[in-house]
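Below: the structure, in structure tokens.
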Ligand code: GLN
């Protein structure tokens, strides 16, 4: 832990950490040492991790990457944080992210950009950019992330690590600062599917404090990952596994380097015994307008709590209550957050609700139905995570361009399905490319099994 704290300090220019908790980490490491010596250590005793700053923590600041929460201290730990602590992990600190998890490059953080460790002139992806960079730069063994429309999978892809967004409801959202509640889901980002499986087992499970938490018994994802398939051999561990390739995930516009890396990984999966089948997700393109109506709508409601009264930033000078609200929110929120609050408020307003929000909800259902039709012909779905490798810092000025690049991650988010990013080699400029694997509801074990076989 001492070595990692020194390393994090030396790598400060990456911008991955927003805060370090040296004292807390060393105390947790000593406790883990004692438990290991006594022979009653929890499963992840001493494993150094860090949390995306969207999870609230009692002992460290929680900012959500926003000026609105500068200096904010939570009176409690998020369930995911508490469970990983109970499993013995040592938390080094809190990780940079896009403001309220809105973004795809970590450039929307009020605390500055994160640099991709593979090429520091490039973005790490987002919104869990600090998490991906910290794992890729070996500042921590693993990190937590959250994924609303791709924020675990896309930065994992851009930084060459493994990340899984579980089925909606698998990880508790209690203490996760809300962006779009019907989509937000936590998950682990690590060096391998095996590490992800161990972390996911510790951080997941029913929580009565989250009304959307799935009521299921605790899962051992590591055991599920290792479970042999009927008829499979050591050489062909994926024998009998049908992997669907949606034709919409391989459009003409997909950059050639990404397509080649993904095809390479698919060929490996075939060698391991899997069968590739053609499937279709006909509403893939519609997932962009659908997501960018539903997510801002929910955000506009969730972010109304930041009013300068209950917590966080409050304008220093104001005339009356309304003026205080206005000045606080004008000062506290960055441009992308304001843009989404305005879009969300618009699509929910009288006269536009039916035209936009209701239509988006109907299409969301149809997108989920399309997946169920595809899963009649396959067990897992595969494709790229993102249409390109990580771009240059400051290169993408137009928010609409960033929205369009979410095309391959949004469908699984809207359907609530589990998805992961697995390293699939490199593309242009020697930058990493991720293979996306999507499973049916609660099929994380099978996803991890396939990813593990590939690694
Ligand atoms: N890039 C998407 C957005 O900006 C997804 C973000 C996320 O998953 N938190 O909303």
task = Taking the options 26, 4, name whichever one is touching a residue at least 12 places away in the same chain (Cβ under 8 Å), more than 24 Å from residue 197 (Cβ to Cβ) and not in a loop (DSSP other than H, G, I, E, B).
result = 26
ask   = If we scan the stretch 208-220, do we find a residue that is surrounded by 24 or more Cβ atoms within 10 Å (Cβ to Cβ) and in contact with a helix residue (DSSP H, G or I) (Cβ under 9 Å, 6 or more places away or on another chain)?
value = no
inquiry  = Out of the strands (runs of 3 or more DSSP E) lying entirely within the stretch 80-188, which hold 3 or more residues that are modelled with pLDDT of 95 or more and away from the ligand (no atom under 16 Å from the Cβ)?
reply    = 90-95
message = Suppose the filter is more than 16 Å from the ligand (Cβ to nearest atom) and under 20 Å from residue 259 (Cβ atoms); does residue 390 pass it?
response = no
key: Spans of helices (runs of 4 or more DSSP H) in the stretch 369-455 with at least 2 residues crowded, with 24+ Cβ neighbours inside 10 Å, modelled with pLDDT of 95 or more and out of contact with any strand residue (DSSP E or B) (no Cβ under 6 Å at 6 or more places or on another chain)   = 410-415, 444-454
note = Within the stretch 337-350, of all residues that are surrounded by fewer than 18 Cβ atoms within 10 Å (Cβ to Cβ) and part of a helix (DSSP H, G or I), the one nearest to the ligand (Cβ to nearest atom) is 339
note = In the stretch 417-446, anything within 16 Å of the ligand (Cβ to nearest atom) and closer than 16 Å to residue 145 by Cα is listed as 418, 419, 420, 421
request  = Check the stretch 326-334 and report whether any residue there is away from the ligand (no atom under 16 Å from the Cβ), in contact with a helix residue (DSSP H, G or I) (Cβ under 6 Å, 6 or more places away or on another chain) and either modelled with pLDDT under 95 or part of a helix (DSSP H, G or I) (or both).
outcome  = yes
query = How do the pairs read when you match residues in the stretch 370-388 that are free of Cβ contacts under 8 Å to residues at least 40 places away in the same chain and at negative phi with residues anywhere that are buried (at least 21 other Cβ atoms within 10 Å of the Cβ) and in a strand (DSSP E or B), using Cβ under 7 Å and keeping only pairs 6 or more apart or on different chains?
reply = none
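The values are calculated or read from the model by the stated rules, or taken from the named source; none is laboratory data. If you're wondering where the values come from, they're calculated on a predicted model, not measured in any experiment. Neighbour counts run over all protein chains shown; Cβ positions are idealised from the backbone, glycine included.
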